[in-house]
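The values are calculated or read from the model by the stated rules, or taken from the named source; none is laboratory data. This structure is a prediction, so every number in the text was calculated from the model and none was measured. Backbone-built Cβ (ideal geometry, glycine too); neighbour counts: all protein chains shown. In case anyone asks, the SASA skips ligands and DNA or RNA and just uses the protein heavy atoms, side chains included. Shrake-Rupley method; radii C 1.70, N 1.55, O 1.52, S 1.80 Å.
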Amino acid sequence: MAIDVKKIEIKSVSDASGLDEWITSGAVSADAIVAVIGKTEGNGGVNDFTRILSDEAYRRVLAARGTRSEAAIKEIPMVWSGGCDGIITPHAVAFARNEDTGPETEDRMVMGTAMSVELLPEDIGRPAMVEKVADAVRDAMQDAGISDTVDVHYVQTKTPLLTVETVQDAHARGQSVACEVHDSMGVSNGTTALGIGVGLGEIAMPKAEEICRDLDIYSAVSSCSSGVELDRAQIVLFGNKAGAGGRYRIGHAVMEDALHMDGIYDAIRNAGLDLPERARAEDLNGRLVNCFMKCEADPRARLRGRRQIMLDDSDVHHHRHSKAAVGGVAAAAIGDAAVFVSVDAMHQGPQGGGPVVAIVDMGV
């Protein structure tokens, strides 16, 4: 089924008026909305309640305007990334399915979802989690109707992290955990990215000692998030499929480092837009829906030979430094400050860089 896409500005911390306006305009039905990915304005930490506020606001609109049950609406994947550091504008991208089909010669965007089997606390950071995520990625590919992994361009996930309670549960069962609670967000994200890479054949199954240590192993289509609200891996997978119909295509590339603006344009080209060799925001002609990217402070503390101090700053966490910097580069590249930039990018793109995903409107 074809996918419609809409970027919606979040005008206040609990605002979902843009989603409501899209639905009431008649352009889409509430029951057709199948996923939401967005940026909220909190601190991006464990206690960032803006993610919960946006989630609740968007689900309220779907309940008020549609016919699905509360249980069905609760199951809709919504991935909220907290922290709009620098000039990033809070926003959401909503995805809807429709009945359109298209010619077999035209590739258009499709989406699939899956949930893994239960991820135990002792799985996080270990091969068992890689294998469970890889299996779920393959299930999501099947759900999207994609048979060739080369057609997959974006895998957005949400996975569990450790809490004091889940660590105690593991210990009570005679199991150990791979890391401390405060490190588990990054470790969960990184292990998930390896699972994506294995599931799509980007990388071989890593050895236990390589997980979250050998950072030269990565997936180029992964965007991983984690939280305390689930005990399985939630997979939302996007790619292109001949005959899917609709107006939209998706593509990806990587930023080699925080200044690699050409990586953003490479992703847009990969999605299907022709751009000049030295592209500028004006060359997009309003046909870019959005870019989604991951970033991280380079653990080597260098950027093109220059010393970086993000990892030494005791006042501002390096996540906030890197997110603000890459957000500025991305906003300049696309001419829009409403850009999705997320951190904790271990095994997601090269060290100091990260994957870039672009969705474009092909017009027909």
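Restricting the range 198-239 to residues that are acidic (Asp, Glu) and touching a strand residue (DSSP E or B) at 6+ places or on another chain (Cβ under 9 Å), which is nearest to LYS132 (Cα to Cα)? I'd like the intermediate steps shown before the answer.
Here is the first cut: in the range 198-239, the residues acidic (Asp, Glu) are 202, 209-210, 214, 216, 229, 231.
Restricting the remaining residues to those that are touching a strand residue (DSSP E or B) at 6+ places or on another chain (Cβ under 9 Å) gives 202, 229, 231.
Numbers: GLU202: 16, GLU229: 18, ASP231: 12 Å.
Across the range 198-239, the extreme among qualifying residues is ASP231.
Taking the stated definitions as given, is VAL28 within 30 Å of GLU104 (Cβ to Cβ), aliphatic (A, V, I, L, M) and not in a loop (DSSP other than H, G, I, E, B)? So VAL28 fails the test.
Consider the range 2-18 and keep the residues that are among the hydrophobic types (A, V, I, L, M, F, W, C) and over 20 Å from GLN234 (Cβ atoms). The one that is most open to solvent (accessible area, probe 1.4 Å) is VAL13.
For (1) open to solvent by 40 Å² or more (accessible area, probe 1.4 Å); (2) in contact (Cβ under 8 Å) with a residue 40 or more places away in the chain; (3) hydroxyl-bearing (Ser, Thr, Tyr), each residue gets a yes or a no:
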residue	(1), (2), (3)
ASN285	yes, no, no
ALA301	no, no, no
GLN308	yes, no, no
LEU311	yes, no, no
LYS323	no, yes, no
VAL339	no, yes, no
ALA345	no, yes, no
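I'd like to know if the range 175-193 contains one or more residues that are in contact (Cβ under 8 Å) with a residue 12 or more places away in the chain, touching a Pro at 6+ places or on another chain (Cβ under 6 Å) and closer than 27 Å to GLU75 by Cβ. Within the range 175-193, none of the residues are in contact (Cβ under 8 Å) with a residue 12 or more places away in the chain, touching a Pro at 6+ places or on another chain (Cβ under 6 Å) and closer than 27 Å to GLU75 by Cβ.
Just one of the listed residues (LEU120, LEU194) is in contact with a His (Cβ under 8 Å, 6 or more places away or on another chain) and over 17 Å from PHE238 (Cβ atoms), and it is LEU194. Can you find a residue that is closer than 29 Å to ALA2 by Cα and surrounded by fewer than 18 Cβ atoms within 10 Å (Cβ to Cβ) anywhere in the range 243-252? So far as the range 243-252 goes, yes, one or more of its residues are closer than 29 Å to ALA2 by Cα and surrounded by fewer than 18 Cβ atoms within 10 Å (Cβ to Cβ). The sole residue among ALA170, ALA178 that is small (Gly, Ala, Ser), at pLDDT 95 or above, in a helix (DSSP H, G or I) and surrounded by 15 or more Cβ atoms within 10 Å (Cβ to Cβ) is ALA170.
Quick check on this structure: which one of GLY102, GLY86, GLY112 is open to solvent by 40 Å² or more (accessible area, probe 1.4 Å), under 27 Å from ALA271 (Cβ atoms) and either of a type outside the set (Lys, Arg) or part of a helix (DSSP H, G or I) (or both)?
Going through GLY102, GLY86, GLY112 in turn, the sole match is GLY86.
Might you let me know whether the range 119-142 holds any residue that is open to solvent by 60 Å² or more (accessible area, probe 1.4 Å), touching a residue at least 40 places away in the same chain (Cβ under 8 Å) and either in a loop (DSSP other than H, G, I, E, B) or among the β-branched types (Val, Ile, Thr) (or both)? Taking every residue of the range 119-142 in turn, at least one turns out to be open to solvent by 60 Å² or more (accessible area, probe 1.4 Å), touching a residue at least 40 places away in the same chain (Cβ under 8 Å) and either in a loop (DSSP other than H, G, I, E, B) or among the β-branched types (Val, Ile, Thr) (or both).
In the list THR192, THR166, which residue meets the criterion of being β-branched (Val, Ile, Thr) and under 15 Å from the mean Cα position of the chain (by Cα)? Just a single option satisfies the conditions, and that option is THR192.
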